[in-house]
Each structure stands twice: as C-alpha cells, then as structure tokens.
Amino acid sequence: MRISFLLYLVSFAALALCISCWDSRKKRDLLVRTKRVWVLSTFELQEEMNVTYPHFLSKMYNDKVEGKEFRFEISGVAVKEGYLTIDEKSGDVFVNKPIDRETHPSFRVVFDVYDKETTLKIDRELVFDVVIKDINDNPPKFFKIPKTVTVEENMEEGLLGAEVIAYDEDERNTVNSRFNISVIAQHPPEPKIQAKWMDERIVYLNFTGCFNYEKENKYTVTLEAKDHGTPPMSSTAVIKLNVVDRNTNMPVFKEREYQTKASEMEIKDDILRLAVDDKDTPNTDGWRAKYFFISGNEEDIFKLETDPKTNDGILSITKKKNFEITSLVNLQIGVENIEPFSKCENGKMVKQGSKLPPPDSVSVKVLMIDTNDPPEFQKTNVDLFEKEESDPGKVLFTPEVHDPDSTSLRFVLVEDPADWVSVDGKTGEIRTTKKMDRESPFVDDDNVYKVVIAAIDDADPPASSSCTISIHLRDINDHKPHLVNNSFILCRNRNDKVMVSAYDLDAEPYSGPFYFLLNNNEDMKLWKLDPAYGQQGGLITLNPLHFGNYSVPLVIQDQQGNVGQETLVVVVCDCEEKDTCRSNNPTIDLGGPAIGIIIAGFLLFLLLLRIFECNFGKQKRTDITDEGIQTLVKYNDEGAHPLDKAEPVLQPPTTGADGIEKTTVSKNSSLSMVNFHGNKSGTLRISSPLKHDHIPRETERGFSIIRKSEVDGDPTARENGPKSYNCEGNKSKCVSLVELSFNNLGEDLEILDDLGPEFMPLVDIVKDTLSQKNAVSAPWDN
C-alpha cells in the first residue's frame, strides 16, 4: 500500500513538471532515491526578495487514498529560524521573510508525510534543498590599510611600501564580488601616486617623480574599492604620507673669499670662521656641514672643525712651522654634508654619478708673520744611564742646539729636584755635583731621575726651548736590611711564634730574601729562628717564658752579604681577642734595676742572718721573749705579707764541749727568718715543721742555733742578754725583707740609692761565711 502510494506520488510530481499551467517561478525535480532517502532537486530563491511575505514557494501533495487524510511536516534550520513554513493539510510551502545569502547561502529541508488516522509515517524522509541566489548587496571593504606612511624625500620612484588589502562578501567568482582599487584623489598632485595590483585582493601604492620636502612634506591619498555588480557598489579609504627631509640641498659659502693672519711657530685655535647656508632641516645630517681642504695644507699645519651649534667651519693652526720670512699661504677649502647629496633631475631622483654638481668651495689666504724663533735642541728628550753613588764631578751630557734667528744662547737649569747636577750657562754641559742615590724620593718608580734645562736666545722678547734628560740609575748594594717592625706581642695563650719581616731599600740582587741570625748565645737558650731565610723570619720560643719584655738581638743579611743588626722587642703576655695584652697580666720587667733589687735582698737576708746568729750566741737567758713587730716570712715567696704561725718551743740553752751554747728546738716546730723594724730586736721562730726522726745525724748540727762566746769582741754580751741592732746610718730607710718583694716595690727602685757605702762589705761577709767548713746552715738552704 505504502509503495503504491509513493510511486503514485512520484509519477504525479513528474507529470506536474510538464503542465504549462504550473507556476513558472517554481521548479521541481524528479524524486531520486539515494540511500533510502528521497531527495527533491534544489529550489532557488533570490536573496533579499522584495515581495509580500509570506510568499508561496511550492506545494507538497499526493494522490489521496479514498477515505484517508494525510498530514505534511517539514523541519530543518530554515524552519527553526522561521524562514520556511508548510500548511500541514495542503502541503503548501511559504517563505516568511527575506533571506541574506551571506548568512544562509542554502537550506536543506526534511519533508515528512503522516497518515492522519494512524499517525504513522507513510515512508522515510523526503528532502529538498533551497539555494539562495546572490545579488550585489555588499560593497568591497578595506581589510588592511595603513593610516600613515613615512616617505623619504630622496626615495627613487617605485613602490612606497604601503600594502592595501580589500574583500567583498558577495558570492565569490561572480561579478558581484569582483572589484578594483584605485587612487581617486591626491593632494598635492605631484608626484603621481597610483595603486599597483599584486593579486585579486592586494595592491601597493606606487609613485613616479620626486618628492620635495621644502615644497610639500604631507600628502593625502584617497583610495576606492569598486565591484562589477549591477548596480556596482564601492567604498573609500584615506592614507596620509609624511615626507622625511633628506640632503637635497648643498651647503653654500656665504662669502667667496676669506683672509686672516697668524704668527709663525705658534699653535692657535680658531684663527678664522667660515659660514655656509643650507636649506635642509637644521640639526640633521643633511644640514650639518663637513669642511675639508682641497689644496694648500700639504704639510698638515692647519685643521678644520665644524661648530655643532652654528654649522660654521673653524680654521686652526696645529703644527709649528718656521717660515723664516713673512709668507702668504693660500688654502682652498670645500664643504659638504655628512649625509650624501641627492638631486631630482628631469623628474627622477639622482643619488650619485656625474649628474650631481661638485661641492661648493672657497679661497682662504693666511698671512704667516715671521717672529723670533726659539732655539731648537737636536734632541728634546735624552736618556742617560749611570751607576748610583758615583763620585761627583762627572760630565753627563752636552746638548746640541740650533737657532736660525740668533747666535748667542744661554742655558739655565729648570728642574733639578735633588740638586744633584749643575749646568754650564754657555755650553749647556751638565755635570754631577753630588752622589746620586737611587733610593731617593726624587727618583721615580722606574729608577729615573729627571733634569730639565732650557736654552734662551738674546732676542727681544727672548725665545726659549727646553730639553728633558732622564738619568736611569743603576743600583748598588748601599743599604743594609732592616726590620719592618721592631716590636711584637707574643700571645702565650695562643702561640709560641712571631713572624718578623725585613726590608732593604736596594733592588735585586742586593735585597731579599734574607738570612736571619740570633746575635747572642744566651738568646739561643730561649729562642730559635724558623724559618731563618726569606722575606720573613720566624722567632720561636724554646720553653714557656714568663710574662714580660724581652730584647732579642738579630742579624739580618741580604743576598750579597750586607749585614744589618736590629734589636727586636717581644712582649710576652696573655692576649685578648685582637692580639692585645690583657690588662691583668702579671708582667715583670726583669731589667737591670730589678736584678739589682734581687741581689740586694739576698745580701740583706744574709746580713740579717749573720746579725741574728751573733746576737743569739751571746745570750745567756734560758728563754726567748718576743719583742717588737714580728712577721713570719717564707724566704722564697714574693708578694703579700705571710701569715704568722705558732711560736716554736725552745729549750734553755746548754753549753757544748766546744764551749758554744746551743738552743734545742722541739720536734714539729717551725723556724723562720726575723724581720727587724726600727730599733726593735727580733725573735727567732720556726717557720716549717721539723721532725727529728727525719733529720740525718750528720745534718742535725745544722738545726741548732749556734752562738759564739763573744760578738764583735764584746765579752759582756753573754751577760748583757739580747742586743738590739739598728740599721746603719742615722737616716737610713731600712725596710723589711717582705717589703723587698716586687709587688710592694713596683717601679720604685730608689731603695738601691739609699743603701750607702756600708752595704758593699756584705759581699765579703757572704763569701767568708760560705767558705768556712763549719758554716751555719739553715733548713731553707737545703
């Protein structure tokens, strides 16, 4: 049933094409079965039709089966966007509004037929196309066009470099979309500007002739793009040209001849100025002048420069010349611009070649006035080579001088900073007057001593010239090595070495590296040198040293055996962070005065011991009574006063077989030396425990206090008891042994000056005591 209906519909449609009464504005093709979809041929619609809408397009119908009704339906973009509709009963298709081809060049419409009773689709979809025919409704448009183009004035005719692109939205390859681009207006009219086609959409601006910046430097060019449709449509655009000035005008001298004058043998700037006119833009390379000599300056005496502000040419004299007589110098000077010149010739720009005119030129006359010429040294700079410390009186140099204007010359010494030479006023002979020292501050770093002499003629006014003599001094070994620094701090809490540097004013091979030697055998017990050769020597302590100042004699020897002797002072201390001695260092300077104090204290101690021995031996009392001020002293301690200790237990004295009284000291007692203050007598005390069991027999006698029966020939001493001993002299400044410590004395060593002549026999007493076979010895002597 469905197939019969479809064939019937197709046959009906084919028949309809042959009926002349069918609307001639519609066309319908036979149905074509393609992949089970029936496609109707294309319907053509003109875009933007000026008709009454909705406008009938076509009718979709079929042979209805008797007693059945059908429903027609279409779908697609055209339907969705409201361009096409269909009457579902009659099958009439209508166009509802104008269609723009540039938006929708064609539509594909799906056509369906349904059984109205069963709502079933009669067959698969039927499709027809609607093609929109183009009309010329779009003008060509400029897609790419520069607003401004820069053109150089001296550009040769041809392309300007301005690219223009246009397009037309109408259907391609039709008269509606084909267009031309042309220049329809130009101001100013010269040179002629055209549009040159590159392809169907692109043109370049082209010109013939020459631009002239001085006449016109801005142009306006109007372009038109016009299609071939009916009626034709077009659009326009404007391009502006800016012309850049170039050197198309030559500089011209304002005057045709110049004159000036100058003195010979004189270097002088700006003796003459040359002015030019140039019509090009100021302060551009096409305006800036460049002056040059054409002739007359073969000896390169003159110089030409350009004033950057005024563009004037400046003539100067840069080299001295003796003209002997007044002379006239003729100079021919030309001028051109920094930028090469170009010119429009017969409507075409010429940049080089014979067609260009030569640069402008001018004649300049310079009158050179003859003047007194100065003397001329054959050599203005002389190098001499001498050995330093040579004996004075040697002739170093005699100059050769020529003066064309004078026969009488005198010579003077202009520069002699160390006053080492003299000059003969008539001959210019240079002679040494003193020994020359290479190490002098007047000798430069290259070992050169410079002397300047001048030759002066007798003209009015006199003229002069100078000559510089460079004396190169050769070194000899005339200086001894020295220490760079003579004192150092040795930080005992950090190291046991200091590095000492030496220097020698002499140069190689009369200086370092040096040999370092100790100059005292006693110092070799305390120090050693390592390294002992080089620019530096290392002083190292052999044993830990006490705090204080040490003087170390050194011998320093250079490579040639020249010896220098130096004393290095080394301060031994504990240091702070920056190698500085701490403020609380117990530094002791064991100089001569201090050693004298030590000897004096020791001798005084022996004297007191002797006095005590004699005094105690003559006593007959059975006990010893403390009198006066007493202080227990540990003989080998320095510093503060020692504390008192318990008194010893002493037995009554007894008389021995030798007739000498002895005092027995109890065990575990201590014995100490006695201090004497003023006129007070002293008492013997035990300063350390003595155990009888630990004392050898042969040394036991040494622990007895021995007194002689007579002291200094006084037989009554035993009966008279202890005798007081005063200090020698009426006004002597005696002090206790404790007060002889270095902490108490400090830097005050005047006590040695007050001992008096009586102190000297103490040496003899000590020697006699030690030489006696049975001399008394005390526990502290062991």
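The values are calculated or read from the model by the stated rules, or taken from the named source; none is laboratory data. None of these values were measured; they are calculated from a predicted model. Cβ: placed from backbone, ideal geometry, glycine included. Neighbour counts: every protein chain shown.
Quick notes on this one:
- Pick from the stretch 237-286, criterion part of a loop (DSSP other than H, G, I, E, B) and of a type in the set (A, V, I, L, M, F, W, C), ranking: modelled with the lowest pLDDT: MET265
- For PHE385, the requirement of being aromatic (Phe, Trp, Tyr) and exposed (fewer than 15 other Cβ atoms within 10 Å of the Cβ) is met.
- Yes/no for ASN206 being farther than 30 Å from GLU44 by Cβ and either under 56 Å from the mean Cα position of the chain (by Cα) or not assigned by TED's automatic domain parsing to the domain that holds SER234 (or both): no
- Criterion: out of contact with any Leu (no Cβ under 6 Å at 6 or more places or on another chain), at pLDDT below 95 and farther than 20 Å from PRO357 by Cβ - qualifying residue of SER327, SER316: SER327
- MET499 being out of contact with any Phe, Trp or Tyr (no Cβ under 7 Å at 6 or more places or on another chain) and not in a strand (DSSP E or B): no
- Residues being of a type outside the set (A, V, I, L, M) and assigned to a loop (DSSP other than H, G, I, E, B) - total across the stretch 409-433: 11
- Residue count for the stretch 332-353, restricted to those that are part of a strand (DSSP E or B) and farther than 18 Å from PRO282 by Cα: 9
- Of ALA275, ALA289, all but one fail to be touching a Gly at 6+ places or on another chain (Cβ under 7 Å) and either free of Cβ contacts under 8 Å to residues at least 12 places away in the same chain or under 16 Å from GLY334 (Cα atoms) (or both); the exception is ALA289.
- Scanning the stretch 198-213 for residues that are outside any strand (DSSP E or B) and either at pLDDT 95 or above or within 17 Å of VAL350 (Cα to Cα) (or both) yields a count of 5.
A quick yes/no check of all residues on (1) assigned to a strand (DSSP E or B); (2) at pLDDT below 90; (3) in the same structural domain as GLU336 (by TED's automatic domain parsing); (4) over 50 Å from the mean Cα position of the chain (by Cα):
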| residue | (1), (2), (3), (4) |
| --- | --- |
| LYS355 | no, yes, yes, yes |
| LYS365 | yes, no, yes, yes |
| PRO374 | no, yes, no, no |
| LEU396 | yes, no, no, no |
| LYS435 | no, no, no, no |
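- Unmet criterion (only one of (1) out of contact with any His (no Cβ under 8 Å at 6 or more places or on another chain); (2) surrounded by 15 or more Cβ atoms within 10 Å (Cβ to Cβ)) for LYS497: (2)
- Filter pass, GLU169 being touching a residue at least 12 places away in the same chain (Cβ under 8 Å) and either touching a helix residue (DSSP H, G or I) at 6+ places or on another chain (Cβ under 9 Å) or closer than 18 Å to ILE239 by Cβ (or both): no
- In the stretch 183-193, the residues that are surrounded by 15 or more Cβ atoms within 10 Å (Cβ to Cβ) and either part of a strand (DSSP E or B) or on the phi > 0 side of the Ramachandran plot (or both): VAL183, GLN186, ILE193
- When residues of the stretch 537-554 are limited to those that are in a strand (DSSP E or B) and without any contact (Cβ under 8 Å) to a residue 40 or more places away in the chain, the one surrounded by the fewest Cβ atoms within 10 Å (Cβ to Cβ): SER551
- Of the criteria (1) buried (at least 19 other Cβ atoms within 10 Å of the Cβ); (2) not in a loop (DSSP other than H, G, I, E, B), which one ARG108 fails: (1)
- Residues of the stretch 111-138 that are part of a strand (DSSP E or B) and either over 30 Å from SER234 (Cβ atoms) or of a type in the set (Lys, Arg) (or both): PHE111, ASP112, VAL113, TYR114, ASP115, LYS121, LEU126, VAL127, PHE128, ASP129, VAL130, LYS133.
- Leading residue by the ranking (farthest from VAL113 (Cα to Cα)) among those in the stretch 79-100 that are among the β-branched types (Val, Ile, Thr) and not in a loop (DSSP other than H, G, I, E, B): VAL95
- Close pairs (7 angstrom Cβ cut-off, 6 or more residues apart or separate chains): buried (at least 16 other Cβ atoms within 10 Å of the Cβ) in the stretch 463-479, small (Gly, Ala, Ser) and not in a strand (DSSP E or B) anywhere: ASP475/ALA507
- SER406 vs. criteria in a loop (DSSP other than H, G, I, E, B), within 37 Å of the chain's Cα centre (by Cα) and among the small types (Gly, Ala, Ser): no
- Residue in the stretch 411-426 that is charged (D, E, K, R), over 23 Å from TYR449 (Cα atoms), assigned by TED's automatic domain parsing to the domain that holds TYR449 and surrounded by fewer than 11 Cβ atoms within 10 Å (Cβ to Cβ) present: yes
- Identity of the residue in the stretch 224-243, surrounded by 15 or more Cβ atoms within 10 Å (Cβ to Cβ) and in contact with a Ser or Thr (Cβ under 6 Å, 6 or more places away or on another chain), that ends up nearest to LYS319 (Cα to Cα): GLU224
- Any pair with Cβ under 9 angstrom, 6 or more apart, that starts in the stretch 141-163 at a residue that is farther than 21 Å from GLU190 by Cβ and ends at one that is part of a strand (DSSP E or B) and among the hydroxyl-bearing types (Ser, Thr, Tyr): LYS141/TYR167; LYS141/SER235; PHE142/TYR167; PHE142/SER235; PHE142/THR236; PHE143/TYR167; GLU163/TYR204
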